[in-house]
1. Looking only at the range 174-196, count how many residues are part of a helix (DSSP H, G or I) and either under 25 Å from residue 228 (Cβ atoms) or without any contact (Cβ under 8 Å) to a residue 40 or more places away in the chain (or both).
2. Spot the failing condition for residue 75; the list is (1) at pLDDT 95 or above; (2) touching a helix residue (DSSP H, G or I) at 6+ places or on another chain (Cβ under 9 Å), and only one is missed.
3. Working carefully through the options 98, 92, find the one that is in contact with a Lys or Arg (Cβ under 9 Å, 6 or more places away or on another chain) and either among the small types (Gly, Ala, Ser) or away from ligand 1 (no atom under 15 Å from the Cβ) (or both).
4. Considering only residues that are away from ligand 1 (no atom under 16 Å from the Cβ), closer than 23 Å to residue 320 by Cβ and of a type in the set (Val, Ile, Thr), which ones fall in the range 202-234?
5. Identify, by number, the condition in (1) within 16 Å of ligand 1 (Cβ to nearest atom); (2) not in a helix (DSSP H, G or I) that residue 199 doesn't meet.
6. Can you work out which of the residues in the range 295-325 that are part of a helix (DSSP H, G or I) and β-branched (Val, Ile, Thr) is most open to solvent (accessible area, probe 1.4 Å)?
7. Search the range 60-71 for residues that are at negative phi and open to solvent by 50 Å² or more (accessible area, probe 1.4 Å) and pair each with any residue that is acidic (Asp, Glu) and within 11 Å of ligand 1 (Cβ to nearest atom) when their beta-carbon atoms are under 9 Å apart and the residues are at least 6 apart or on different chains.
8. Confirm whether residue 95 is over 19 Å from the mean Cα position of the chain (by Cα) and at pLDDT 95 or above.
Amino acid sequence: MKPNILVTGGAGFIGSHVVRLFLNKYPDYNIYNLDLLTYAGNLENLKDLENKKNYHFLKEDICNFHKIKAIFIKYKITHVIHLAAESHVDRSIKDPFSFAQTNIMGTLSLLQAAKDVWANNFKNKLFYHISTDEVFGSLGKEGSFSETSPYEPHSPYSASKASSDHFVRAFSDTYGLPIVISNCSNNYGPYQFPEKLIPLFINNILKNKSLPVYGNGENIRDWLYVEDHARAIDVIFHNGKLSETYNIGGFNEWKNIDLIKILIKVVDKFLGNKAGTSVKLITYVKDRAGHDKRYAVDATKIKEELSWEPSLQFEEGIEKTIQWYLENDQWLENISSGAYQHYYEKKYNLNDN
Ligand code: NAD
Ligand code: DAU
């Protein structure tokens, strides 16, 4: 039977890579990309795919339970890959309500729709929830997050993602819903909204604007190239064990300030600037409230059980990423000006599902 896969948040950063990988690799699957097109959703991310026969776009809010249920019925949805979320920690500090609404209530609405429509006939069905390593909190100098690390979220974003993970497990334990969860570390690569560290800093170097380093720049993140995350999602979707959790990470820890220096070096090189030209843009600013010190993911389980591991060395991934942003300056420009939101409103009748 051909799966009808509902990918939520497919117009966002990671979602667009997942949609691209699945459409290209599995031409027999029907992909329904459901996205509200918030500020972070951009159909330009999928421009090369929009005419594929097995690709369908649905503009909808995951929180709208009745509409979501109707979509499950109308399109005979058999699988869900749930990526839609509010994803930026700084925004969650300013507006925690919208994070609770989308990340918790939106996930609950999808779970309930899946349970109701699948009506206990869970054969050949799957609800795959995409989560983050931030649910595990912050590490000291040593150690890394495993699948059994205790949940200890600190930001409203990570608290909302932790809650959504708990709901997904609760639906498995209570109703037997077939689920799988993965918790991934920081992604980077093409199509990332330029509010996150790497695209923001690339954009600012290009525009000769200051680079706001939070606190002392000593915080550590574990970086993974986004296409490697999409490959991990593919592997877990097809071969992951039901009810299990898989950690995904880059085995690639960087102090923010060291990473920023690499960005400066590579962008200056591409621009033909003298080495170190943009170092002067570094500006230390007030720290993020509740700023987690260090993330590091132990991705041994997915490596051993599902033979997945990152394919790119960081230096290679960063060069590829910077080159992409340089070649796609119009994409960056459209995002910065907000033009991308108006173009697609005109192109599609976006309220018509
Ligand atoms: P993103 O912000 O780029 O994209 C989120 C997408 O969700 C957007 O297209 C947006 O329009 C859509 N969306 C938001 N609210 C919606 C709603 N109510 N209904 C329907 N669609 C809605 O996010 P991302 O960085 O691509 O992250 C995707 C998922 O992966 C999230 O669940 C995030 O928590 C998780 N994750 C992200 C990272 C990372 O480094 N970016 C790492 C690990 C896990
Ligand atoms: O770990 C996975 C998470 O990674 C995902 O779940 C989130 O959706 C994703 O946004 C990301 O969260 P971070 O908070 O780690 O990413 P961000 O790019 O916002 O910040 C990375 C680090 O850089 C963090 O230590 C804060 C710092 N930073 C960030 C910005 C935007 C700065 O110093 N200056 C900045 O302007």
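1. Number satisfying all stated conditions: 1.
2. (2)
3. One residue alone meets the criteria, 98.
4. Across the range 202-234, the qualifying residue is only 205.
5. That leaves (2) as the condition not met.
6. For the range 295-325, the residue satisfying everything is 300.
7. Once the first residue is at negative phi and open to solvent by 50 Å² or more (accessible area, probe 1.4 Å) and sits in the range 60-71, its partners that are acidic (Asp, Glu) and within 11 Å of ligand 1 (Cβ to nearest atom) give 67/60; 67/61.
8. For residue 95, the condition - over 19 Å from the mean Cα position of the chain (by Cα) and at pLDDT 95 or above - is met.
The values are calculated or read from the model by the stated rules, or taken from the named source; none is laboratory data. Since the structure is predicted, the reported quantities are computational estimates derived from the model, not experimental observations. Every residue, glycine as well, gets a Cβ built from its backbone with ideal geometry; the counts of neighbours run over all protein chains shown. For the accessible areas, the whole protein counts, side chains as well, though only heavy atoms, and no ligand, DNA or RNA atoms are used. Shrake-Rupley method; radii C 1.70, N 1.55, O 1.52, S 1.80 Å.
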